[in-house]
Structures are given as structure tokens and as C-alpha cells.
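First the structure, in the form of C-alpha cells, and then the observations on it.
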Amino acid sequence: MTFQVESQYIVISNAAEVIAIRRIAKEMAQDIGFDEREREEISLVVSELASNIIKYAQRGVITLTPVCSEQREGLMIEAEDDGKGFNEYTAMQDGVSTSGTLGMGLGAVNRLMDEFDILAREDRTGTRIVCKRWLHDNSNHGQQCPFEFGVFSRPKPNETANGDSFIIKNIRGATLVGVIDGVGHGELANHAANAARQYVERHCESPLLDIFRGVDRACSSTRGVVMALAVFDWTQSTFCFASVGNIEVKVFNDNREKSKFIVRRGIVGKHAPQPMITENKWQHGDMLALHSDGISTHWHWHDFSYYASHPAQVIAEQIYNVTQKDHDDATIVIVK
Ligand SMILES: [Mn+2]
């Protein structure tokens, strides 16, 4: 089918306009065929993006467009502001926003949407966020994701571009989690990491080996990246893992560090070797940490086990605070 519905946009500068765009998003999502929970998530995303505009730029525009591509239907949300843009240093954290108030965070927006891009406006006077949510014919069969995620990512101090990236994405009863580190730091590392993340997001349902092969192609004209990906099956109590290059991976339970993983050396984008795909057991109480080399590998879970019952976000931030190195971009993802 093709949509006859056109884009709708609202200039956002006050709370009433946030409520208005939220209502339009819900109606549009219903017309497209999203279920109630999905409509709620879409409306949360729209509301977060609109509130961000008011907080950081006072004024901007949210545009909603029904989209159709490769037999998929979905909704595209664009948020554009003419302010200075927000500081990515903290904006990607869940639950923390740069103005210091407790927001949902762009990390959550990233997770709730199937595609997510932050672009600086050409004239560098503002920020443009483009995200899409696709209608899945059997979206997760009504199952709830049994995992909890925490993530912290920031560029090297005094850099504006983050050369690290991460991905947390639910796909039909499984969750794909990954950390990507573009070689070096700064703009060029950011460019490489974004190319890799975009490829992974668009092919997240492909086998891990194919994703690595595709990222190697997608990053061939960049500096390249190191990358680790894990796919958690919601019902099987297992996860598949694959990694090329030095992304640290640890799995622990109580005071024990569990598995050792096989990690191939190399740079994805520079004819990296194929990663070894391993299938690993996931038991009750297990936790997984993935982090880039902006975080020291010399840490032990027993130094943080006090936080075991805390939210994954708190654990990610605690480990970051203690182990971060200030000469590189730093990213950590926790799954529990
Ligand atoms: Mn690094």
C-alpha cells in the first residue's frame, strides 16, 4: 500500500506545542498501524525531542512523516533546532540531560527507534535529529524484553565528536547489543563509527557474520573500527558473541568473572578477518559489560559488586567513573 498522508510539522517553542505534536504523533502512529505500546513509545520519543528543543534552543520544528520503503511502513520523526545543539557528552546517557534535569535521554530515543541519526546542520547553527520507527509485522509477539541495559558514552575530553558508538536494538524476541570504536578519535573516528553503526542498525536482523562482512565494506573508505556485537535471545538463555579488535568483554555473576571470549585482531573496514561466533550460556544473575579502550581493562567485578542490585545504568556509570582514561573516547554498555 502507499500512503496518501502527508507530513505534518509544528513549530515548537512552548509546552502546549509539545502536547500538540505528541497528539499528532499518536494519531499518525495509529493510522499507520502501530499497537498501543508502540504508539506510547513513539509519543515518548516525540515528546523527548520536542522538550529538548525548548531546553537547548528555545525554538525548533518537529516534522512527522509516514514512510514506506522496501515493503516496510513506518514513521519518520525529524527534530530540527536553530540553537547551539546539545552536548553529546551527556546527551546520549539515559536519564541525564545537559540542562541537569532528569530526562529520558537520547540513549532511550535511540533504543526505541529503529533508525537514529544526529546531524549537525550544514551551517553548524543547530542540530537535526532524524529517526524512524518501522512497523514490524510480528513485533516481538507481545513478549517483554527480559534484559536491562545501561550505557555511557562520551568523546575524548575537549573533542566534540565522539569516535565511539553503541547499539542496543530489539528485534523479534532478541536484542542486539554492540560497542563500536572508530580508529583514533575526533571527526574521522566519528565518521567511521557512524558508518558502522548505521550499517548494523539497517541490517540488525542479518546473521552476525554477514553484519561484520557488511561493516567491513561500509567502512572501507573510513579509518575503520573495532567492534563487538552480542545477540541475546529472550527465551533461549543464550547469547551469541562476535568481536574484532580491542573491545573489552566481561561476563560476571556474583563475584566471579565467567567466560573468556575469542577476539580476532584486526580493523573492520580494512579487510578484517572473520570473527569467531560463539554461543554462550546466559544464567540468572549474569551481567555483561562491553567497553571501548577509553575505559581501562584492569577492573574487577568484585570492586563493583556492591552495585549488583542497582540499575544497569548506575553500574555503567560507576565503572566508567572509576576506570575511564582521559586520552580517548569512552563507551560502556551493561546488560543484566
Ligand atoms: Mn578508542
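Report those strands (runs of 3 or more DSSP E) wholly inside the range 124-213 carrying at least 3 residues which are within 14 Å of the ligand (Cβ to nearest atom), within 21 Å of E248 (Cα to Cα) and in contact with a strand residue (DSSP E or B) (Cβ under 8 Å, 6 or more places away or on another chain).
Because the criterion is at least 3 residues that are within 14 Å of the ligand (Cβ to nearest atom), within 21 Å of E248 (Cα to Cα) and in contact with a strand residue (DSSP E or B) (Cβ under 8 Å, 6 or more places away or on another chain), the strands (runs of 3 or more DSSP E) in the range 124-213 that meet it are 164-171, 174-182.
Do we find that G74 is over 20 Å from M28 (Cβ atoms) and at pLDDT 65 or above in this structure?
In short, no.
When N253 is evaluated against the numbered criteria (1) under 22 Å from the mean Cα position of the chain (by Cα); (2) within 21 Å of G150 (Cα to Cα), which criterion, by number, is the only one it fails?
Just one mismatch for N253, condition (1).
Of I319, I277, which residue is in the same structural domain as K156 (by TED's automatic domain parsing), buried (at least 21 other Cβ atoms within 10 Å of the Cβ) and among the β-branched types (V, I, T)?
Step by step, each of I319, I277 is checked, and only I319 is in the same structural domain as K156 (by TED's automatic domain parsing), buried (at least 21 other Cβ atoms within 10 Å of the Cβ) and among the β-branched types (V, I, T).
Listed here are the residues, each with its yes/no results for (1) farther than 30 Å from G184 by Cβ; (2) modelled with pLDDT under 90.
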position	(1), (2)
R264	no, yes
G269	no, no
A272	no, yes
N280	yes, no
S292	no, no
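Could we say that N255 is surrounded by fewer than 14 Cβ atoms within 10 Å (Cβ to Cβ) and away from the ligand (no atom under 16 Å from the Cβ) here?
On the way: surrounded by fewer than 14 Cβ atoms within 10 Å (Cβ to Cβ): yes; away from the ligand (no atom under 16 Å from the Cβ): yes.
Yes.
Can you confirm whether G269 is touching a residue at least 40 places away in the same chain (Cβ under 8 Å), at positive phi and assigned by TED's automatic domain parsing to the domain that holds G186?
Criteria met by G269.
Each row is one residue, and each column tells you yes or no for (1) within 16 Å of the ligand (Cβ to nearest atom); (2) assigned to a loop (DSSP other than H, G, I, E, B); (3) aliphatic (A, V, I, L, M).
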residue: P275; (1), (2), (3): no, yes, no
residue: H310; (1), (2), (3): no, yes, no
residue: A316; (1), (2), (3): no, no, yes
residue: Y320; (1), (2), (3): yes, no, no
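Return yes or no: is D293 at positive phi and of a type in the set (D, E, K, R)?
When the stated conditions are applied, D293 does not pass them.
Considering each of S296, S309 in turn, give the residue that is more than 24 Å from R197 (Cα to Cα), of a type outside the set (K, R), surrounded by fewer than 21 Cβ atoms within 10 Å (Cβ to Cβ) and in the same structural domain as V231 (by TED's automatic domain parsing).
One residue alone meets the criteria, S309.
Does the range 214-254 hold any residues that are in contact with a helix residue (DSSP H, G or I) (Cβ under 7 Å, 6 or more places away or on another chain) and of a type in the set (V, I, T), and which are they?
Within the range 214-254, V215, T222, V225, V231, V244 meet the criteria.
Do you know which residues across the range 180-202 are of a type outside the set (D, E) and over 14 Å from the mean Cα position of the chain (by Cα)?
G182, V183, G184, H185, G186, L188, A189, N190, H191, A192
The values are calculated or read from the model by the stated rules, or taken from the named source; none is laboratory data. All values derive from a computational prediction rather than experimental measurement. Glycine also receives a Cβ, built like all others from the backbone with ideal geometry; neighbour counts cover every protein chain displayed.
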